[in-house]
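Reviewing the structure listed below.
The values are calculated or read from the model by the stated rules, or taken from the named source; none is laboratory data. Predicted model only: the values in this text are computed from it and were never measured. Using ideal geometry, Cβ is built from the backbone for each residue, glycine included, and neighbour counts are taken over all protein chains shown.
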Amino acid sequence: MTRLWNDPADFVDEMIDGFVAANTRYVRRVSGGVARSTKTPDGQVAVVIGGGSGHYPAFGGLVGPGLAHGAAMGNLFASPSMQQVFSVAKAAENGGGVFLSYGNYAGDVLNFDAAQEQLREAGIPCQTVTVTDDVSSAAAEEKHKRRGIAGDLTVFRIAGAAAERGASLDEVVRLARHANERTRSFGVAFSGCTLPGAPEPLFEVEPGRMAVGLGIHGEPGLRDEDIPSADGLAEMLVERLLEELPDGVDEARGARVIPILNGLGSLKYEEMFVVYRRIAQLLEAAGVEAVDPHVGEYCTSFDMAGTSLTLLWLDDELEELWETGVDTPAYRRGSVDHAGELIAEDDVDAAADEIGSADADGRAVAAAIVRLFDVAQETIDTHVDELGRLDQVAGDGDHGIGMQRGVHAARNAAHDAKERGAGAATTLARAADAWSDRAGGTSGAIWGAILATVSKHLADDGTPDADALAAGVSAASERVGTFGAVPGDKTLVDALVPLAETFAARIAADDSVGDAWQAAADAATAAATETADMLPKMGRARAHHEKALGTPDPGAHSLALLAQALLTLTDGK
C-alpha cells in the first residue's frame with residue numbers, strides 16, 4: 001500500500017518537484033513534465049515520451065543523453081493532457097522536429113494526437129509511434145490494438161539512439177516502428193496497487209493466485225491462476241513469447257534478443273533473479289542468444305507485485321543502435337558525454353492572458369455558466385467514489401478522480417473568467433481548456449472537446465437562442481465521434497448521442513430549453529443504464545470483455561448524472 005503523501009490531489013506535482021530537485025544534472029521542470037537540463041545540438045530530433053505517473057522510471061526517469069529529450073507526466077494512471085504534451089515538446093524541441101512515443105491507450109492517443117496537431121499548426125514537424133508490445137491485450141492479427149507495457153523501453157531507446165546519431169525525423173520514426181514490431185511482452189501480478197489516499201487496491205488477487213495478462217494501470221488480469229514455482233513462471237513467460245515470432249524472424253533458433261524482466265513495483269530483485277535464471281536457460285535451450293539482459297524495474301505500476309518479460313528481437317540495425325550510450329536519472333548504459341550548456345529554468349510562455357470585451361447580456365450568460373459548473377462540481381464530488389468503483393470493475397478505477405480534477409479546474413477557470421468580465425464564449429472556452437489540462441486521460445480530452453465545441457456556438461455579446469444551444473450540443477457529439485467510438489461500444493458516446501439527438505429534436509419542435517433538456521437528460525440516463533448489458537469495444541475495459549457485463553460504463557453514467565443535475569438551472573426556460 002501507499003503510505004506517504006500529503007494531499008493526494010497534490011501527489012503528482014510534489015513528486016515531480018522532488019524528482020527534479022534530486023536530478024538537476026539531467027532534467028529541469030517545465031510545464032507538463034520535465035525536459036533535459038542541457039541544450040541538445042541544433043537540428044536534433046526531440047524524442048518526447050510520456051504517460052500517466054505511477055510507472056517510474058517511466059517516464060521522467062528516462063530523460064537524458066541517448067534517450068528522451070522530454071517527458072510529459074500526467075496524473076496517476078491518467079494520460080497527460082494535450083496542453084502538457086505540447087508544452088513539454090515545445091521545451092524540448094531544437095529545430096529538428098518532435099518525435100512522440102507512448103503506450104497505446106485511448107487517453108494517451110487522444111491527447112498526444114491533439115498535441116501533434118497543435119505542434120504542426122505551430123510549424124514544428126511532428127510524428128508519432130505508439131508502443132503495442134503486450135501480447136495479452138489483443139490477438140496477433142489485431143496487434144495494432146495492443147497496449148504498451150514494459151516494451152516502451154525498447155522503442156524509446158531505439159528512437160533516442162537514432163536521434164542521438166543525427167537521424168532525420170522520418171528515420172527516427174522508421175526505426176521506432178521497426179523496434180515496436182519486433183518487441184513482445186507478457187506479464188502477471190500477485191497483488192493490485194493502491195493509489196495515494198485510496199482505502200483499498202484497484203484490484204485484489206486471492207492468496208496463492210496470480211492475475212495473468214495484467215495491465216500497468218491497475219487493470220485486473222484476463223484470468224487468475226495458481227502461482228507456480230519461479231521456474232514455472234519463467235516457463236509460462238518464455239513459452240507465451242516464443243509462440244509469436246515477429247515478422248522477419250522465421251525461427252527462434254539462431255536469433256538474438258534483448259530480454260527485459262521487469263518488476264512492477266513490489267517484487268523483490270532477488271525473486272526476479274531466480275526467475276531470470278530459468279528464463280536464461282530456456283532461451284538458450286531454444287537456440288536464442290540473450291544480449292544485454294535487463295532485470296529490474298523499468299515500467300512499474302505503483303506498488304503492484306508482479307513482473308513481465310519483454311523480448312526485443314534484434315537484427316544488425318537494431319543491435320548497432322542498442323549500443324548507443326544512455327545516461328538518465330534511472331537508466332544508464334555505456335558511456336555518454338555530458339558536455340552541454342545548461343538551459344534556463346524559466347520556460348513560461350509569455351503570451352498575454354487577456355480577456356476580451358463583453359456586453360451585459362454576455363456577462364449574464366457567463367454568470368449562468370459559472371452556476372452550471374458550481375452544480376457540476378457538487379454533483380461529481382457527491383458521486384466520485386461511485387464513479388471510481390464503476391471504473392474499477394474493468395478499468396483502473398480513476399474515472400471519479402479524473403472527473404473531480406477536471407470539474408474543479410473548470411469551475412475555478414470559469415469563476416476567474418467571469419470575475420474578469422468575460423462573456424459566455426470565453427468563460428466556457430477557459431473552463432474547457434482547464435478541464436482538459438487538469439483532468440488528463442480520456443475523460444479530460446473528451447470533456448474538454450465537448451465544452452470547447454459548445455463554446456464555439458456562443459458569443460461574448462448577447463444571449464444565445466435555443467437553436468444555437470442545440471447546434472452546439474450536436475456539434476460536440478459529432479466532435480467526440482471523431483475519436484473513434486460509436487454507439488454500442490460501451491463508452492460515453494452511448495449517452496452523448498441520444499442526449500444531443502433528443503435535445504436537438506425537441507428544440508426543433510419548439511419545446512422550451514428546460515423541457516428539451518429534461519427529455520435529453522432522461523434519454524441519456526436510460527442509455528447509460530443500458531450500457532450495463534454491453535461488452536466494451538473501446539478503451540482499457542475492452543481487454544476484459546465479460547468482466548464489464550452488468551456494470552454501466554462510468555463515462556456514460558457520469559455524463560447522465562451531470563445532465564440530470566443541470567436541470568436545476570433550466571427552470572423550465
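Worth pointing out:
- One residue stands out among those in the range 280-320 that are more than 26 Å from the chain's Cα centre (by Cα) and on the phi > 0 side of the Ramachandran plot: the one that is surrounded by the most Cβ atoms within 10 Å (Cβ to Cβ), which is Asp292.
- Residues located in the range 377-400, provided they are in a helix (DSSP H, G or I) and either touching a Cys at 6+ places or on another chain (Cβ under 6 Å) or within 16 Å of Ala528 (Cβ to Cβ) (or both): Thr379, Ile380, His383, Glu386, Leu387, Arg389, Leu390, Asp391, His399, Gly400
- Any hit, the range 525-541, residues being within 21 Å of Ala452 (Cα to Cα), out of contact with any Lys or Arg (no Cβ under 6 Å at 6 or more places or on another chain) and at pLDDT 95 or above: no
- Any hit, the range 458-468, residues being surrounded by fewer than 16 Cβ atoms within 10 Å (Cβ to Cβ), over 26 Å from Ala358 (Cβ atoms) and not assigned by TED's automatic domain parsing to the domain that holds Arg146: no
- With respect to the conditions (1) assigned to a helix (DSSP H, G or I); (2) out of contact with any Lys or Arg (no Cβ under 6 Å at 6 or more places or on another chain); (3) at pLDDT 95 or above, Ala519 lacks only one, and its number is (2).
- Selection within the range 254-274 - among the β-branched types (Val, Ile, Thr) and either surrounded by fewer than 22 Cβ atoms within 10 Å (Cβ to Cβ) or at pLDDT below 95 (or both): Val274
- Some residue of the range 245-253 being basic (Lys, Arg) and either crowded, with 21+ Cβ neighbours inside 10 Å or touching a strand residue (DSSP E or B) at 6+ places or on another chain (Cβ under 6 Å) (or both): no
- Of the residues making up the range 542-573, those that are modelled with pLDDT of 70 or more and not in a helix (DSSP H, G or I) are Leu549, Gly550, Thr551, Pro552, Asp553.
- Near pairs, Cβ below 6 angstrom, 6+ apart or cross-chain, from the range 403-430 (within 20 Å of Gly441 (Cβ to Cβ)) to any residue that is among the aromatic types (Phe, Trp, Tyr) and in a helix (DSSP H, G or I): Gly406/Trp435; Gly406/Trp447; Ala409/Trp435; Ala410/Phe373; Ala410/Trp435; Arg411/Phe373
- Residue match in the range 401-420 (condition: surrounded by 24 or more Cβ atoms within 10 Å (Cβ to Cβ), among the aliphatic types (A, V, I, L, M) and not in a helix (DSSP H, G or I)): no
- Count of the range 466-486 residues which are outside any helix (DSSP H, G or I) and touching a residue at least 12 places away in the same chain (Cβ under 8 Å): 3
- Screening Ala475 against (1) crowded, with 21+ Cβ neighbours inside 10 Å; (2) touching a Ser or Thr at 6+ places or on another chain (Cβ under 7 Å) leaves a single unmet condition, (1).
- Taken over the range 201-231, the residue count meeting the criterion of being surrounded by fewer than 17 Cβ atoms within 10 Å (Cβ to Cβ) and closer than 28 Å to Asp385 by Cα is 7.
- Candidates Ser266, Ser301 - the one that is closer than 21 Å to Thr154 by Cβ and hydroxyl-bearing (Ser, Thr, Tyr): Ser301
- Of the residues making up the range 498-515, those that are over 20 Å from Ser455 (Cβ atoms) and either touching a residue at least 60 places away in the same chain (Cβ under 8 Å) or part of a helix (DSSP H, G or I) (or both) are Pro498, Glu501, Thr502, Ala505, Arg506, Ala508, Ser512, Gly514, Asp515.
- Test result for Ala234, crowded, with 19+ Cβ neighbours inside 10 Å and in contact with a Leu (Cβ under 8 Å, 6 or more places away or on another chain): yes
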